[in-house]
Amino acid sequence: MAICPYGICSDHPANEPACVDCIRDMKRKSLSVDELAALKAFAERHGRNWKSALREAWINASEPGILQQLRNDSNFGPSGLNRLNSRDLTRR
């Protein structure tokens with residue numbers, strides 16, 4: 001097997017269409033500096049359970065601005081939050 005032409009996996013030959021994981025990764029949203037800063041600030045305010053707190057804020061629409069926009073973004077939203085971890089906030 002050749003490495004994926006998208007550089008994401010090695011599960012399919014380079015001359016074949018992208019696999020589901022590659023397509024999912026290509027659709028992932030690259031977060032802006034402001035979006036990352038907003039997520040990091042929220043995480044710092046809410047500590048260890050920040051994702052649960054953000055989900056609750058999204059449900060209640062109680063966190064306006066950038067964070068609510070992320071919730072409504074079809075390329076991020078709740079599934080993007082599930083993929084994100086605290087290390088992602090410090091790495092970028």
Seminar exercise, completed: So for R0 = 30 Å, FRET eff. of THR90-ALA53 from the Cβ-Cβ r, to 0.05, ends up at 0.95
Exercise. Hey, what's the Cα Rg ratio for segment 33-91 versus the globular rule of thumb, 2.2 N^0.38 Å?
Worked result: 0.99
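A short reminder: the numbers here are calculations on the coordinates, not readings from a lab. As the structure is a prediction and not an experimental result, all values here were calculated from the model. Using ideal geometry, Cβ is built from the backbone for each residue, glycine included, and neighbour counts are taken over all protein chains shown.
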